[in-house]
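Structure, as structure tokens:
The values are calculated or read from the model by the stated rules, or taken from the named source; none is laboratory data. This one's a predicted model, so the numbers in the text were calculated from it and none came from an experiment. When we count neighbours, we look across all protein chains shown, and the Cβ atoms used for this are built from the backbone with ideal geometry, even at glycine. The area values use the complete protein model at the heavy-atom level, side chains included, leaving out ligands, DNA and RNA. Shrake-Rupley method; radii C 1.70, N 1.55, O 1.52, S 1.80 Å.
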Amino acid sequence: MRLLFISTIILMCTCLISCQEEKQNPYTNISLDDFQSLSTSDYAVNSHRIREYLEGMVRADNDAMSPDQRTRGYYRERNSFMWIDRHGVDHRADTLLYYIAQVADMGFSAEKFRLSQMQRDLQRVRTLDVSSSDSVRNINRVLARLEYNLTKAYFRYASGLSFGFVNPAKVLNTYDVRDSDSVRVTYHKLYDVKIDRAGDQFYASAIGKVAHDSLGLFLRSIQPHGSLYEQLQRRLQSADVTPAERVKLLCNMERCRWREGADIDKLNRYVLVNIPAFKLRAVCPDSTMEMRVGCGTYKTKTPLLRSEIMRMDINPEWIVPRSIIEKDVARHAGNVRYFERQRMYVRDRHTGKRIPPYAVTWGMLHNNRYLVIQEGGEGNSLGRVIFRFENNFSVFLHDTSSRAFFSRDNRGVSHGCVRVERPLDLALFLLEGQDYETIEKVTYSITAKLDRRHLKADEDGDGEDDFMDDDPIDRSMLIKSVNVEPKVPLFIAYYTIYPDLEGQLRDYPDVYGYDRVIYRQLRNYLE
């Protein structure tokens, strides 16, 4: 068949004639015979041959990232060509290549998107340079390679900028081994954020943008934004960035690309716990408060999550977790002084009755029927107040009776919960807008010298704490629980570079090693 580009060349000549009518047209007597030199198999476009080459590229492509799998699936199902048609390859390819050329601003390598190869092939198509060099024997091979690489680069770029290049749920929830044997491995769940990922609907929409010539608008719309991302990107492009800092910048920019729900920049009030900084930040329109926190150790990591603080319980009892009972408490079975010193008691789940300390056996402490509970008030491991929010881990923000660790830099000390340095300040922040009486009662209940002399746990099993007759505490001022209305968004996050209160970027240690696993995935797009 005749090469389709013959008609294109004739059209170009016609345009030249119309634009330069004052000059004599040298192509007045041109005919198709003059193009016989182009009438060879090297220039004959054949869609079936393009399909064959595409099928070969699908078989040879072993890249395992999700966009690459989508690319293979698209051509394996013999869908329509996305970039080439009977007119050749138009401006849509140029639009995509323009954006791909700018990935260096994000710290990526354009060659990981095959930019140079696509530019060369596009030039070959437009100049009919399909010599035998570079294993190119005819126009169909060039077009097939260009078609495949454009789609692969497009899927990588569009999905990465829209949702992130790394799936945090996949990499973080297969990071910390819980148990393993010869059959299977189980992992601790460390990331529990409802995150959007590129799915069928996204890819169908992206394909439609190409088909309907709205590619430029689409690619502009998916550019990452947000004050933190922009600040990190500016820092990345500065001349004095060290290799170690570059790794951190890339990882934290990637975190900003994840679709994790609410845009923090648009919230009026929220609480953010940044684990690597071991700090809590409470933000409202008029002020920002920051305090130190203690988080989970490396072995008992605090999970990353998003929720809403809905309630605070004051002078709470602490139901000791089974893991702590089996590790630390069970060996003290029958030791009355230990239980008195720790202010703990054992309760039968079925009857609700307390078991006298001398009657507590090792077997009871290993039986789920019995609870070990620490009394509320002074000395309780949860401190004087706990801030509750829905989550799948039974972790919370709370006060603590052991405060010496707040002076340390590495404050990985808990079994997963977050211990706050100034619980009363956080309570007052959450109660902003509440009536004065409630605030006064909460303040009194948290700060009053409430210990065993004044408050005994529920000994009669009626669900109420029992007060001593000689209790000097003003009982009318004590409050057990108060709802946070409206609920305040909570983010337990992991940023190894984050702005301080003055807006300056600060560097924090990668305490859980998450940067390492994220960077390992990002290297698919780096030099």
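Scanning segment 141-151 for residues that are touching a residue at least 60 places away in the same chain (Cβ under 8 Å) and open to solvent by less than 10 Å² (accessible area, probe 1.4 Å) turns up Leu143, Ala144, Leu146, Glu147, Tyr148, Leu150, Thr151. Within segment 157-172, the residues that satisfy the criterion of being of a type in the set (Phe, Trp, Tyr) and either outside any helix (DSSP H, G or I) or open to solvent by 10 Å² or more (accessible area, probe 1.4 Å) (or both) are Phe163, Phe165. Counting only residues that are in a helix (DSSP H, G or I) and of a type outside the set (A, V, I, L, M, F, W, C), segment 248-263 holds 5 of them. Taking segment 88-111, which residues are closer than 16 Å to Met253 by Cβ and either more than 23 Å from the chain's Cα centre (by Cα) or of a type in the set (Asp, Glu) (or both)? Selection gives Gln102, Asp105. For segment 219-234, a residue qualifies if it is over 21 Å from the mean Cα position of the chain (by Cα) and either assigned to a loop (DSSP other than H, G, I, E, B) or not basic (Lys, Arg) (or both), and exactly one does: Leu219. When segment 235-247 is filtered for residues that are surrounded by 12 or more Cβ atoms within 10 Å (Cβ to Cβ), in a helix (DSSP H, G or I) and either at positive phi or not aliphatic (A, V, I, L, M) (or both), the ones remaining, listed by number, are Arg235, Glu245, Arg246. Of all the criteria given as (1) among the basic types (Lys, Arg); (2) in a loop (DSSP other than H, G, I, E, B); (3) within 18 Å of the chain's Cα centre (by Cα), the one not satisfied by Arg306 is (2). Scanning segment 395-412 for residues that are touching a Gly at 6+ places or on another chain (Cβ under 8 Å) and part of a loop (DSSP other than H, G, I, E, B) turns up Val395, Asp399, Thr400, Ser401, Arg411. Of the numbered criteria (1) under 30 Å from Glu290 (Cβ atoms); (2) touching a helix residue (DSSP H, G or I) at 6+ places or on another chain (Cβ under 9 Å), the one Tyr338 fails is (1). Candidates in segment 470-502 are the residues that are in a loop (DSSP other than H, G, I, E, B) and not charged (D, E, K, R); of these, the one that is farthest from the chain's Cα centre (by Cα) is Pro472.
Of all residues in segment 505-527, exactly one satisfies the criterion of being closer than 20 Å to Ile275 by Cβ, part of a loop (DSSP other than H, G, I, E, B) and open to solvent by 70 Å² or more (accessible area, probe 1.4 Å), namely Pro509. Scanning segment 350-388 for residues that are open to solvent by less than 30 Å² (accessible area, probe 1.4 Å), out of contact with any helix residue (DSSP H, G or I) (no Cβ under 8 Å at 6 or more places or on another chain), within 30 Å of Pro423 (Cα to Cα) and outside any strand (DSSP E or B) yields Glu375, Gly376, Gly377, Asn380, Leu382.
Selection within segment 116-135: residues that are surrounded by fewer than 18 Cβ atoms within 10 Å (Cβ to Cβ) and not in a helix (DSSP H, G or I). The member of this set that is modelled with the lowest pLDDT is Ser132. Across segment 45-63, the qualifying residues are those that are closer than 30 Å to Arg523 by Cβ and outside any helix (DSSP H, G or I), and the one among them that is nearest to the chain's Cα centre (by Cα) is Asp63. Taking each residue of segment 88-111 that is among the hydroxyl-bearing types (Ser, Thr, Tyr) and looking for partners that are part of a helix (DSSP H, G or I) and open to solvent by 10 Å² or more (accessible area, probe 1.4 Å) with beta-carbon atoms closer than 6 Å, six or more apart or interchain, yields Thr95/Gly216. Selection of first residues in segment 414-425 that are touching a residue at least 24 places away in the same chain (Cβ under 8 Å) and surrounded by 18 or more Cβ atoms within 10 Å (Cβ to Cβ) and of second residues that are assigned to a helix (DSSP H, G or I) and not hydroxyl-bearing (Ser, Thr, Tyr), restricted to Cβ pairs under 7 Å at least 6 apart or on distinct chains, gives the following pairs, ordered by first then second residue: Val420/Leu426; Glu421/Phe406; Pro423/Ile446. Of all the listed residues (Asp348, Asp399), the sole one being among the charged types (D, E, K, R) and under 37 Å from the mean Cα position of the chain (by Cα) is Asp399.
Residue count for segment 175-200 under the criterion of being farther than 21 Å from Lys299 by Cα, open to solvent by 50 Å² or more (accessible area, probe 1.4 Å) and among the hydrophobic types (A, V, I, L, M, F, W, C): the result is 1. Of all the criteria given as (1) under 30 Å from Asp510 (Cα atoms); (2) open to solvent by less than 10 Å² (accessible area, probe 1.4 Å), the one not satisfied by Tyr154 is (1). In segment 244-266, the residues that are modelled with pLDDT under 95 reach residues that are open to solvent by 40 Å² or more (accessible area, probe 1.4 Å) and assigned to a helix (DSSP H, G or I) with C-beta atoms within less than 9 angstrom, at least six apart or across chains, in these pairs: Asp265/Ser227.
Return yes when Gly294 is outside any loop (DSSP other than H, G, I, E, B), open to solvent by less than 50 Å² (accessible area, probe 1.4 Å) and touching a residue at least 60 places away in the same chain (Cβ under 8 Å) and no when it is not. Here the answer is yes, as Gly294 does meet what is asked. The set of residues in segment 73-115 that are open to solvent by 30 Å² or more (accessible area, probe 1.4 Å), assigned to a helix (DSSP H, G or I) and among the charged types (D, E, K, R) comprises Arg76, Asp94, Asp105, Glu111, Lys112.
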